[in-house]
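Reviewing the structure listed below.
The values are calculated or read from the model by the stated rules, or taken from the named source; none is laboratory data. Just so it is clear, the model here is predicted, and its values are computed rather than measured. Please note: Cβ atoms are built from the backbone with ideal geometry, for glycine as well, and neighbour counts cover all protein chains shown. Keep in mind that these areas ignore ligands, DNA and RNA; they rest on the heavy atoms of the full protein, side chains included. Shrake-Rupley method; radii C 1.70, N 1.55, O 1.52, S 1.80 Å.
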Amino acid sequence: QVQLVESGGGLVQTGGSLRLSCVASGSIVVVELLAWYRQAPGKQRELAETSTRGGSPSFADSVKGRFTISRDNAKNTVYLQMNSLKPEDTAVYYCNADRVLTTRGIVSGSWGQGTQVTVSS
């Protein structure tokens, strides 16, 4: 099993910034893909940004130029720097890890418990 723990959410005003963190644990050798998803009230969960080990990040058009994903492979941690936040960014943000090589094999589709981000207008 792979455990993901997010932190860094909170309440911020329009135009403000937040930095989310997600730490992965569980006898991990290598994490191939780390991503941030978000789910607004009454909406489906959507991809915000992904980071593939050794590859270029991909992101949704809605966060382009405002959100930046980064990772520290030594710490099995992924970050999401969110700038110029808008009320429509209000959502629960979830960390996702996929294709994780552990000492017990490959684990896919792990999710964190989510962290709430609220942007006030």
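Give the accessible surface of the chain per residue, rounded to a whole number of Å², with probe radius 1.4 Å and ligands, DNA and RNA excluded.
Details: 6290 Å² over 121 residues.
In whole numbers, the chain has 52 Å² accessible per residue.
Just by accessible area at a 1.4 angstrom probe, what is the order of T102, T52 from largest to smallest?
Sorted by accessible area, descending: T52, T102.
For the chain, give the share of DSSP beta bridges that are antiparallel, in percent and rounded to the nearest 5; count only bridges with both residues there. Spell out each step's value before the answer.
Working: 43 of 47 bridges.
Of the beta bridges lying entirely in the chain, close to 90 percent run antiparallel.
Can you list the residues, at least 5 places off or on another chain, whose amide H is less than 5 Å from the amide H of A48, using H built in the peptide plane?
W36, Y37, R38
Just need the Rg to Rh number for region 62-107, please, alpha carbons only, Kirkwood Rh. Mind dumping the intermediate values first?
Values: Rg = 14.0 Å, Rh = 12.9 Å.
Checking Rg against Rh, the ratio lands at 1.09.
Would you list, by chain and number, the lysines whose Cα falls below 17 Å from the Cα of K86, excluding same-chain residues fewer than 8 positions away?
K43, K64
Net charge around S70, counting only other residues with Cβ within less than 12 Å of its Cβ (Lys, Arg = +1; Asp, Glu = -1)?
On the way: positive: R19, R71, K75; negative: E49, D72.
So the surrounding residues net to +1.
Mind listing the long-range amide H neighbours of T90? Cut-off is under 5 Å, sequence gap 5 or more, other chains count too, H placed in the peptide plane at 1.01 Å from N.
V119
Can you tell me, using C-alpha contacts under 8 Å and at least 6 residues apart, the relative contact order of the chain as a whole percent?
Values: 316 pairs, mean separation 44.9, N = 121.
Reported as a whole number, the value is 37 percent.
Measure off, as a whole percent, the carbon and sulfur share of the 1.4 Å-probe accessible area of the chain, all protein chains present. Don't skip to the answer; put the middle values down first.
Working: 3000 of 6290 Å².
Ligands and nucleic acids excluded, carbon and sulfur reach 48 percent.
Which net charge results when you count Lys and Arg as +1 and Asp and Glu as -1 among the other residues whose beta-carbon is under 13 Å from that of V2?
Numbers: positive: R99, R104; negative: E32, D98.
Once positives and negatives cancel, what remains is 0.
Near the amide H of G114, under 5 Å away, which other amide H atoms are found, from residues 5 or more places off or on another chain, if H is placed in the peptide plane?
E6, C95
For R38, R45, R71, write out the residues from largest to smallest accessible area, computed with a 1.4 angstrom probe and no ligands counted.
Values: R38 15, R45 90, R71 50 Å².
Solvent-accessible surface, decreasing: R45, R71, R38.
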